[in-house]
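Since the structure comes first, as structure tokens, the remarks are kept for the end.
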Amino acid sequence: MENPIIELHGLTKNYGAKKAVDNLSLKISKGEIFGLLGPNGAGKTTTILMMLGLAEPSAGEVIVCGTNATRHPIAVRRKVGYLPDSAGFYDNMTALENLIYIGRLNGIAEREIVSRAQKTMEMVGLGAEMHKKAAVYSRGMKQRLGLADLLIREPAVMILDEPTLGIDPAGIRDFLHLIRQLSREQALTVILSSHHLHQMQQICDRVGIFVEGKLLAEGNLETLSGHLFGKDSLVVQVSVREAVAAPEVLERQLRGLDGVNSVVTTANIWELSCHTDVTPDIVRLFVQNGLNVTCVHKKEYGLDEIYHRFFENNVKKESFQWEVR
Ligand SMILES: Nc1ncnc2c1ncn2[C@@H]1O[C@H](COP(=O)(O)OP(=O)(O)OP(=O)(O)O)[C@@H](O)[C@H]1O
């Protein structure tokens, strides 16, 4: 990876005999949305605290924007915005006043502070509600205000710890969409910690799977599923209206396609395991054989399957409580 914005080298944190983080090495590039994924106690928060220079590693080092976070925590915190799972605001002040106050504390010049705060409120979708008291803000709105609190300081990296906790499903969707949009528009690097598989899947470019302080795997979904499911990384299911007169002929033709590993058929449904996506070729063969295709379904292995595969292979299932929504 060229010019990573965050580098962890052999990062380790011991609490007595407990290894909260165990020899973690990882690089994250500028503009990337990276998900720290793992069950309670996996070491996500401890890793974040070390990235912010708030916890001292027992071994290894963290470099953020070229600066050692342990040796220069204040310099690093100027570049990194951190949103804890619940951000606090002054309830008796409006949201905009809260933001202006935060801007002032962070040394933003008085002549530009109001316009910058207003612009930031617009950016996080709270333009119409900036004059409401923080006390009446919903949990989802507070998290947006939390984002505004980070953005007004123009960070290079945002670290969000379980940011969607307690937000309703529609609010979660909007919030995740906003994070992605901000990251893309401003080339902002975002690190999200979560144990919500589906949410991570929606926005992360790459995820790291943590269990018991160890990074078991990292990559994008395609890479992870490729590692875990080997050659069968994709399943294409084709439904036809009528029974196939000579199934063995069609089966032979399908198996002959470059990319298809195996073919299974039950009634009028054909299921093909593939290592590359040859869906158009598959459908073409059905049509050339005079068959009426009623449905084509492509299934790629998602985080759910990746998680469960890790459990089967690496850890005792009963050790953890996963939240699978
Ligand atoms: N200050 C501390 N003293 C002792 N042990 C700690 C301390 N902080 C964390 N731990 C332990 O380190 C391990 C990792 O904790 P951490 O909070 O980093 O996990 P996590 O993945 O963030 O979990 P969660 O999703 O519950 O926040 C846990 O076993 C925890 O009990």
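Bear in mind that the values in this text are calculations on the coordinates, not laboratory data. Small disclaimer: the values here were computed from a predicted structure and weren't measured. Counting neighbours? That spans all protein chains shown, and the Cβs are built from the backbone with ideal geometry, glycine included.
Report, by chain and number, residues whose modeled amide H sits under 5 Å from the one on I191, excluding near sequence neighbours (fewer than 5 apart, same chain).
Those qualifying (amide H under 5 Å, at least 5 residues apart or on another chain) are F34, M158, I159, L160.
For helix 139-151, what angle does its Cα long axis make with the longest principal axis of the chain, in degrees from 0 to 90 and rounded to 10?
70
Taking the Cα centre of the chain as origin, work out the dipole magnitude from +1 charges on Lys and Arg Cβ and -1 charges on Asp and Glu Cβ, in debye rounded to 20.
740
Placing unit charges on C-beta atoms (Lys and Arg positive, Asp and Glu negative, everything else neutral), compute the dipole magnitude of the stretch 234-300 about its Cα centre in debye, rounded to 20.
Working: 6 positive and 8 negative charges, 20 e Å.
Here the stretch 234-300 has a charge dipole of around 100 debye.
Under 8 Å for C-alpha pairs, at least 6 residues apart: give me the relative contact order for the chain, rounded to a whole percent.
19
What is the local net charge at V240, summed over the other residues whose Cβ is closer than 15 Å to its Cβ (Lys, Arg +1; Asp, Glu -1)?
Around V240, the charge tally is -1.
Reported to two decimal places, what Rg/Rh ratio describes the stretch 13-145 when computed on Cα atoms with Rh from the Kirkwood expression?
Reported Rg/Rh, Kirkwood definition of Rh: 1.04.
Could you put C204, C65 in order, starting from the residue whose Cβ has the fewest other Cβ atoms within 10 Å?
Fewest to most other Cβ atoms nearby, the residues stand as C65, C204.
Which one, L49, G140, A187, is farthest towards the positive end of the dipole of the chain when Lys and Arg carry +1 and Asp and Glu -1 on their Cβ?
The Cα lying farthest towards the positive end belongs to L49.
For the pairs K79/K214; K214/K299; K13/K298; K142/K298; K79/K142, flag any whose C-alpha to C-alpha distance is greater than 32 Å.
K13/K298; K142/K298
Taking the Cα centre of the stretch 6-163 as origin, work out the dipole magnitude from +1 charges on Lys and Arg Cβ and -1 charges on Asp and Glu Cβ, in debye rounded to 20. Mind showing how you got there, number by number?
Values: 20 positive and 16 negative charges, 21 e Å.
Magnitude of the dipole: close to 100 debye.
Expressed as an acute angle from 0 to 90° and rounded to the nearest 10, what is the orientation of the C-alpha long axis of helix 95-105 relative to the principal long axis of the chain?
Helix 95-105 and the main axis of the chain meet at about 60 degrees.
Can you tell me, using C-alpha contacts under 8 Å and at least 6 residues apart, the relative contact order of the stretch 234-300 as a whole percent?
Relative contact order here is 50 percent.
Report the full-extension gain for the segment R252 to R71: residue separation times 0.36 nm, less the Cα-Cα distance, to one decimal in nm.
58.8 nm
Determine the sum of side-chain charges near G125: Lys and Arg each +1, Asp and Glu each -1, restricted to other residues whose C-beta is under 10 angstrom from that of G125. If you can, show how the numbers build up before the last one.
Details: positive: R144; negative: E122, E129, D174.
Within the 10 Å Cβ shell, the charges total -2.
Go through P280, L26, Y101 and say which Cα lies farthest out towards the positive end of the charge dipole of the chain; charges sit on Cβ, +1 for Lys and Arg, -1 for Asp and Glu.
The listed residue farthest towards the positive side: Y101.
If you line up the Cα atoms of the stretch 234-300 on their principal axes, what length do they span on each, largest first, in Å?
Principal-axis extents of the stretch 234-300 (Cα, largest first): 27, 21, 19 Å.
What is the sum of charges around L291, taking Lys and Arg as +1, Asp and Glu as -1, for the other residues whose C-beta is under 9 Å from the C-beta of L291?
Within the 9 Å Cβ shell, the charges total 0.
Among F175, F286, which comes first, then next, by fewest other beta-carbon atoms within 10 Å?
Placing the least packed residue first, the sequence is F286, F175.
So, in nm, how far is label N92 from label Q118 when the simple model puts each one 7 Å beyond its Cα toward the Cβ?
With each label point 7 Å from Cα toward Cβ, the separation is 2.7 nm.
How are the C-alpha pair distances of the chain spread across 20 Å bins, as whole percents from the shortest bin up?
27, 46, 23, 4
How far is helix 169-186 tilted, in degrees, relative to the longest principal axis of the Cα atoms in the chain, given as a value from 0 to 90 rounded to the nearest 10?
80
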